[in-house]
Structures are given as C-alpha cells and as structure tokens.
1. State which residue is most open to solvent (accessible area, probe 1.4 Å) when the search covers only the range 254-267 and only residues that are of a type in the set (Gly, Ala, Ser) and under 16 Å from Phe230 (Cβ atoms).
2. Name every residue in the range 133-151 that is of a type in the set (A, V, I, L, M) and either surrounded by 24 or more Cβ atoms within 10 Å (Cβ to Cβ) or within 17 Å of Gly312 (Cα to Cα) (or both), in order of residue number.
3. Test each condition in (1) at pLDDT below 95; (2) open to solvent by less than 80 Å² (accessible area, probe 1.4 Å) for Asp77 and report the one that comes out false.
4. Residues in the range 272-314 that are surrounded by fewer than 21 Cβ atoms within 10 Å (Cβ to Cβ) and among the β-branched types (Val, Ile, Thr): how many?
5. Of the residues in the range 191-200, how many are more than 9 Å from ligand 2 (Cβ to nearest atom) and either at pLDDT below 85 or within 17 Å of Leu243 (Cα to Cα) (or both)?
6. For the range 289-307, name all the residues that are of a type outside the set (D, E, K, R) and away from ligand 2 (no atom under 16 Å from the Cβ).
7. Take the range 1-38 and flag every residue that is aromatic (Phe, Trp, Tyr) and either within 30 Å of Tyr61 (Cβ to Cβ) or open to solvent by less than 20 Å² (accessible area, probe 1.4 Å) (or both).
8. Kindly provide the set of residues from the range 258-300 that are modelled with pLDDT of 90 or more and part of a loop (DSSP other than H, G, I, E, B), ordered by number.
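The values are calculated or read from the model by the stated rules, or taken from the named source; none is laboratory data. All of these numbers come straight from a predicted model, not from anything done at the bench. All Cβ positions, even for glycine, are placed from backbone atoms using ideal geometry, and neighbour counts span all protein chains on display. SASA here: full protein model, heavy atoms, side chains in, ligands and nucleic acids out. Shrake-Rupley method; radii C 1.70, N 1.55, O 1.52, S 1.80 Å.
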Amino acid sequence: MKFLDEAKVYIRSGDGGNGCVSFRREKFIEFGGPNGGDGGKGGDVVAQAVDGLNTLIDYRYQQHIAAKNGRGGMGKDRHGANGADAVLKVPVGTQIYEEDGETLIADLTEAGESAVLARGGNGGFGNAHFKTSTNRAPRHANPGQPGAELTIRLRLKLIADAGIVGLPNAGKSTFLAAVSAAKPKIADYPFTTLHPQLGVVEIDGREFVLADLPGLIEGAHGGVGLGDRFLGHVERCRVLLHLVDGTAAPADQTYKTVRAELSAYGHGLADKPEIVALSKADSISAADIKRQVTRLKRAAKKEPFVVSAVTGEGVQKVLRALLGVIEETRQGSGRRNAAHAGWRP
Ligand SMILES: Nc1nc2c(ncn2[C@@H]2O[C@H](COP(=O)(O)OP(=O)(O)OP(=O)(O)O)[C@@H](O)[C@H]2O)c(=O)[nH]1
Ligand SMILES: [Mg+2]
C-alpha cells in the first residue's frame, strides 16, 4: 500500500432545499389554505477516524468532496428530503487543519471519533409555516441556506506507543521485522525505509505498537536526506527506541547526531523517555562492544542495551524496557484524566 501522510482536500456541504409556496386546492373545499412544505437540510461534511487505514492516499485521488443538497419542499405539506452527509474516512491519528495548515479544526485520535467540518445549509420554510391569524394566505417561502465551501489539510500522525529512531542503516527495520509480523524493506544501504512502518509487538502477554521510521542524518531538520518530515509520527509516541549501529562510527558521535536532530525538530521529542541500544552486536567483537558501550554510556548518560536483531540477543530485554515505560505513562495519563473529570476513589 502506498503511504501518504499529508493531503489537501476541497470540501463543500450541501445547500438547504427551498421552501415551497402552495395552496390546498380541492373540489368542494373552500379556503384550502397554504400547504407549502419546508426544504430539507443540506448534508454535512464529516470526518471520521476508522480502523484499518494507515495512509491518506485515497485523498490524492479524490480531492473534491461534496455533500448532497437538501430537496425543495412541496405542496400538500411535504417536507423536502435532507441531503446525505459526505463522510471522509481517515486513519486514526489524523489531524485536520484549515487551509493555512496551522489552525487545527479537529484531531481524531480514536477509532469512531468524528468531527463535522462543514455544516449543510438549513432548508427554507414553506409558506405553510408563515400562516398566522392575520395572514391566512401567505405567498412567500424562504429559500434554503447555502452550504459552506472550504479547503482543508489532512495530516496523519500515526499513533504508535514506541518509535525507533537512528541513523540510516542502524538496523531499525530489521529490529521491527524481528519483533513483529511487519515486513519492512531491509537492505544494506541508507534510506531503505522511505516511510513509516508499524508493527504490533507482543511481550509477556501484553501488546504495543512499534513504529519504524526513515533514518535521520545530520541536517535532517534543514531538509537533508529525507528531512525531519516523518518525525511528526513520533510526536505521539510514549517512548523512543534509539538504535545506534555498533559496527559503524564511534557510538557517542552517532548518538549525539541523532539527538541534535531530535532537539532541532522540537515538539517535545527531545524530552521523551528514551531507551538506547547498541545494534548488530553479533558482528562486533567483545572488545569492540565494550568500547562502544562505554562511549555510548558517556554520551547518553545511561546504560545502553546491547542487541542483535539477527540472533535475538538482548531483544527481549529492550522490549520489556519499552513496555515498562509505556505502561507507566499509560497509568499516568489515566490518573490525569480521572482527576480532570473530578473523579474520586
Ligand atoms: N549482523 C547484523 N546485521 C544487521 C542487524 N540489523 C540489521 N543489520 C543489517 O544492516 C543493514 C541495514 O538494516 P536496516 O534494518 O535496513 O536498517 P535501517 O535502520 O532500517 O535503515 P534505513 O531504513 O535506511 O534507515 C541490513 O543489511 C541488515 O541486514 C543485526 O542485528 N546484525
Ligand atoms: Mg529501514
């Protein structure tokens, strides 16, 4: 499946139907009176988050979305039909912005959540509505109100519990492939991964979602390489897994390069909990591992894990550490929400 995490869409809600001017005309019935029905309401344009989607690619091919107009009212007090809503199905984690790309209209973070983006116009009243004791034969009706037309921008920020960051070739995709059923492309050259991949990890009877991201290099925040475009997907992760290739350059330098890019991106990425791991342990000598770990520990100011996605060494430990942080922050946010709602034990 193709991946697209930004899209621009033109939407239009339906016009309301016109009210109707009509009078009851029947044999032997005098003074039939007004019986023009009201117009129907125009359809809304609604965005709805659904499971099973993880790209906005549909909106590359369908950029114009319009709801149906309401039908006009008719004689014999018949109300016009309401126009059908147009529903934009979007992946969970989609944010909807105004045309400027800055003003947030809606943030759909759970499946089933929806937001009305443009309301349909109301239908006009038919002449039956204007009947009063002093005007028993009104000859006017209201026109329907027009719908709204606007341009919106959709931005997908995947919702994963943990995100893997690191330089290209650090072994990020290999790690994801080893711990989940995901099948990311893996190869011996930088920038193999061109867009984020998600996988579900199972450990100790629990599950969490892990995201593999394209590699970062020095200057990514200025657009070098694939840039920091995909870091938006990490914004909602609870924890980062920072993989440092043990076979390549001194681990402390590599580590600092990636940290600098995370800081430059902002949005709180640098403050997220981080698990650091030296990768590809199977192809480094014990002495080199020791040297790299010392360097990495100095730079990261914490004990790094040592893993090999090929032999599986250290992998379980890393997953447990990630799960630990995830569960901790899940509980934390649960407590905060409860307090917010005025809940008392
Ligand atoms: N020996 C060994 N090789 C590994 C290990 N993990 C990854 N590799 C190799 O390292 C190379 C890069 O792996 P990828 O998983 O594609 O690296 P990546 O970090 O996803 O790279 P990008 O997608 O380009 O950012 C591949 O040739 C892998 O086979 C490991 O644990 N041991
Ligand atoms: Mg990759």
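1. Ala264
2. Of everything in the range 133-151, just one residue is of a type in the set (A, V, I, L, M) and either surrounded by 24 or more Cβ atoms within 10 Å (Cβ to Cβ) or within 17 Å of Gly312 (Cα to Cα) (or both), namely Ala141.
3. (2)
4. 6
5. Going through the range 191-200 one residue at a time, the tally reaches 4.
6. Within the range 289-307, Ile289, Gln292, Val293, Thr294, Leu296, Ala299, Ala300, Pro304, Phe305, Val306 qualify.
7. Phe3, Tyr10
8. Of everything in the range 258-300, those that are modelled with pLDDT of 90 or more and part of a loop (DSSP other than H, G, I, E, B) turn out to be Lys272, Pro273, Lys280.
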